[in-house]
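Accompanying notes for the structure given below.
The values are calculated or read from the model by the stated rules, or taken from the named source; none is laboratory data. Quick caveat, the model's predicted, so the values are computed rather than measured. Cβ placement follows ideal geometry from the backbone for every residue including glycine, while neighbour counts extend to all protein chains displayed. Ligands, DNA and RNA are excluded from the accessible area calculation, which covers all protein heavy atoms including side chains. Shrake-Rupley method; radii C 1.70, N 1.55, O 1.52, S 1.80 Å.
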Amino acid sequence: MIHRLIRVILAKHKSRFCSFCLGDAVHRHPPLNGLGSNTCIQDAFNLAWKLAYVHKGLASPSLLSTYSSERQPVGHSIITRANQAYRDHFHVWEALGMLPTDLSERKQILEELRSATPQGSNRRRALHGAIKHTSHEFHGLGIEMNQHYQGQGIYMADEPHPYDQVGRAGEDKVLYHGPSTYPGSRLPHVWLNKATPGEAISTIDIAGHGVFTVFTGIGGGVWKEAAVAVAEKLSVPIRACSIGFRQDWEDVYFEWGSVRGVEESGAVLVRPDRFVAWRASEALQDCEACEGKLLTVMRSILGF
């Protein structure tokens with residue numbers, strides 16, 4: 001792993017250095033769950049677009065403060081899980097008889113593991129349960145994907161209900177990922193194609209690339225017009241596309257309709273790092289209203 005230290009000089013704002021640490025330089029945890037590299041890359045993804053936008057004058061320096069507020073809770077959850085995975089291995093060692101210091105006692109436990117006795121049956125059952133529970137370490141998709149950001153970089157004012165991570169991730173939020181467009185969540189991956197099938201493309205690949213992206217659908221043309229107008233007013237790149245029957249992209253497996261979380265005419269605004277920044281349940285009364293709303297949202301996120 002490479003220790004990274006990014007130092008940015010914002011001379012036109014303050015005559016001092018602002019330093020941002022990411023990667024292994026700020027992650028200290030046992031190598032359980034294997035999420036160190038993933039977390040390093042996510043740190044860079046979160047910070048890079050913010051640095052670029054502030055450097056180009058497209059966002060206020062206040063946007064940079066969201067790096068810590070968004071990523072520190074993620075780092076805490078990853079380290080907590082890694083430490084717990086280490087503790088979980090104790091039960092495997094205990095069931096195998098690896099903990100006693102006396103060699104004869106360890107041999108006796110190994111013999112017990114294959115014995116046709118109630119003690120042997122109980123020990124085999126304990127070993128099976130302990131090994132099965134390590135699935136939280138090796139198949140922990142939820143701890144990797146159910147990350148949720150809050151703060152200035154996410155616009156929450158239009159959400160009527162609080163974020164329910166457990167409800168969206170099934171019974172076990174460590175094992176299971178619950179795709180959602182709730183602001184602060186990762187943009188869900190969905191395969192899309194054209195009316196005349198060609199090479200499939202993921203929503204993930206449409207978004208990102210240094211720009212904001214607005215996803216909408218049938219009846220949401222006003223959001224596309226609003227995106228063009230707001231991009232021009234703020235000089236911020238905003239891409240817009242519609243998903244649905246005979247739209248820019250076809251929801252060929254009907255998966256976007258099940259995860260988009262808004263009506264067909266609604267909008268999902270995605271940041272350059274592919275996290276949902278805001279969403280509207282449906283189109284407003286006209287393009288002017290949509291433009292005003294999107295402008296408010298963008299200014300809030302960018303710190304203007």
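Here are a few things to note about the model shown:
- In this structure, residue 221 does not qualify as within 24 Å of the chain's Cα centre (by Cα) and either under 26 Å from residue 299 (Cα atoms) or open to solvent by 50 Å² or more (accessible area, probe 1.4 Å) (or both).
- Qualifying positions in the stretch 274-304 - open to solvent by less than 10 Å² (accessible area, probe 1.4 Å) and either in a loop (DSSP other than H, G, I, E, B) or touching a His at 6+ places or on another chain (Cβ under 6 Å) (or both): none
- Of residues in the stretch 50-72 being in contact (Cβ under 8 Å) with a residue 60 or more places away in the chain, part of a helix (DSSP H, G or I) and open to solvent by 20 Å² or more (accessible area, probe 1.4 Å), the one nearest to residue 134 (Cα to Cα): 69
- Checked against (1) closer than 30 Å to residue 63 by Cα; (2) out of contact with any helix residue (DSSP H, G or I) (no Cβ under 7 Å at 6 or more places or on another chain); (3) open to solvent by 60 Å² or more (accessible area, probe 1.4 Å), residue 107 passes all but condition (1).
- Of everything listed in (1) closer than 30 Å to residue 51 by Cα; (2) open to solvent by 20 Å² or more (accessible area, probe 1.4 Å), the single unmet condition for residue 268 is (2).
- In the set (1) surrounded by fewer than 12 Cβ atoms within 10 Å (Cβ to Cβ); (2) in contact with a helix residue (DSSP H, G or I) (Cβ under 7 Å, 6 or more places away or on another chain), residue 175 fails one condition alone, (1).
- Condition met for residue 119 (without any contact (Cβ under 8 Å) to a residue 12 or more places away in the chain, over 30 Å from residue 304 (Cα atoms) and touching a helix residue (DSSP H, G or I) at 6+ places or on another chain (Cβ under 7 Å)): yes
- Which listed residue is under 30 Å from residue 124 (Cβ atoms) and small (Gly, Ala, Ser), from 57, 34: 34
- Note on the stretch 73-97: among residues that are in contact (Cβ under 8 Å) with a residue 24 or more places away in the chain and charged (D, E, K, R), the one that is surrounded by the most Cβ atoms within 10 Å (Cβ to Cβ) is 81.
- In the stretch 19-47, the residues that are outside any loop (DSSP other than H, G, I, E, B), under 19 Å from the mean Cα position of the chain (by Cα) and touching a residue at least 24 places away in the same chain (Cβ under 8 Å): 22, 36, 37, 38, 39, 40, 42, 43, 44, 45, 46, 47
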